[in-house]
1. Just to be sure I understand: of the beta bridges DSSP finds with both ends in the range 61-172, what percent are antiparallel, rounded to 5?
2. Grab the eigenvalues of the alpha-carbon gyration tensor for the range 133-211, scale each by 5, take roots, and send me the semi-axes largest first in whole angstrom.
3. Can you pull the percent of the range 131-170's accessible area that's carbon plus sulfur, 1.4 Å probe, other chains left in place?
4. Work out how far the C-alpha atoms of the range 54-213 reach from end to end along every principal axis, then list the three figures in whole Å, largest first.
5. Roughly how many nanometres apart are two label points built 7 Å out from the Cα toward the Cβ at Asp88 and Ala132?
6. Averaged per residue, what accessible area in Å² does the range 37-162 show with a 1.4 Å probe, protein chains only?
7. In sequence order, what are the phi-derived ³J(HN,Hα) couplings for the range 72-84 according to the Karplus relation 6.51 cos²θ - 1.76 cosθ + 1.60 with θ = phi - 60°, rounded to whole Hz, with x for glycine and proline?
8. Residue by residue through the range 52-62, what is 3J(HN,Hα) from phi via Karplus (6.51 cos²θ - 1.76 cosθ + 1.60, θ = phi - 60°)? Round to whole Hz and write x for glycine and proline.
Amino acid sequence: MKHYLKVLFILVFGFIANAGVAMDAVAENLLEPQKVIEDASSQLKLRMQDPGFTKDFRKITEFVNSVIYPRADFDLISALVLGKLWKDASVSEKESFKKEFQTLLIRTYSRAFVEFKEWSVRFLPVNADEDARKVMVKTEILQPGLQPIAVNYRMLFNKGEWKVYDILIEGVSLVTNYRTSFKNEVERTGSLQEVIDQLAKRNTEALSSKNKS
């Protein structure tokens, strides 16, 4: 009987110990995508504290791009934004759209970082998806005297890396928002290429205007 209890104790204790190791591994895996966002935020905040640097919008966009591009899956983001339009687009249209849409996002975020003089990021518990390759990294952007802004990142683990493929600001999905916008534009103009050309023109004008101011 004592031998039986000893074996049972070993089995139960071993199961609990292994479960603890497994849970630690899960927790560690969930922290990896959060660290991707945390590292990017730290780099951006540190650089934006230089008053001389923030006066040159072109340099800002180049720096923001260098920080965000490796951490975002712009191929997937572009495909999700265009939705059904992506399937029918030519290779040239896909490449052009990805380039111009990336520029749009980078300059939009660059402007936000310039306008937010003081900010910090608070990380909330990471939400794991049923698909082990997907997680939602939840954050709040904190600014003195203002309500926190909820910014959540949908991330996908692919080819050994966690990358962002959608951002939700106060519950509004970037992908869904832009998908509706571009769908309406294509229906209005009747041409995806024309919409891309208009986007390229706006990007060029915005960057030139910001760089002069």
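The values are calculated or read from the model by the stated rules, or taken from the named source; none is laboratory data. What you see is a predicted model; the values in this text were computed from it and never measured. A quick note on method: Cβ atoms are made from the backbone with ideal geometry, for glycine too, and the neighbour counts reach across all protein chains shown. In case anyone asks, the SASA skips ligands and DNA or RNA and just uses the protein heavy atoms, side chains included. Shrake-Rupley method; radii C 1.70, N 1.55, O 1.52, S 1.80 Å.
1. 95 percent
2. Semi-axes from the Cα gyration tensor: 29, 20, 14 Å.
3. Percent of accessible area from carbon and sulfur atoms in the range 131-170: 53.
4. 46, 43, 29
5. 4.0 nm
6. Heavy-atom accessible area per residue stands at 57 Å².
7. Per residue, the Karplus-derived 3J(HN,Hα) values read 10, 8, 5, 5, 5, 4, 4, 5, 5, 5, 6, x, 5 Hz.
8. x, 5, 6, 8, 10, 5, 5, 5, 4, 5, 5
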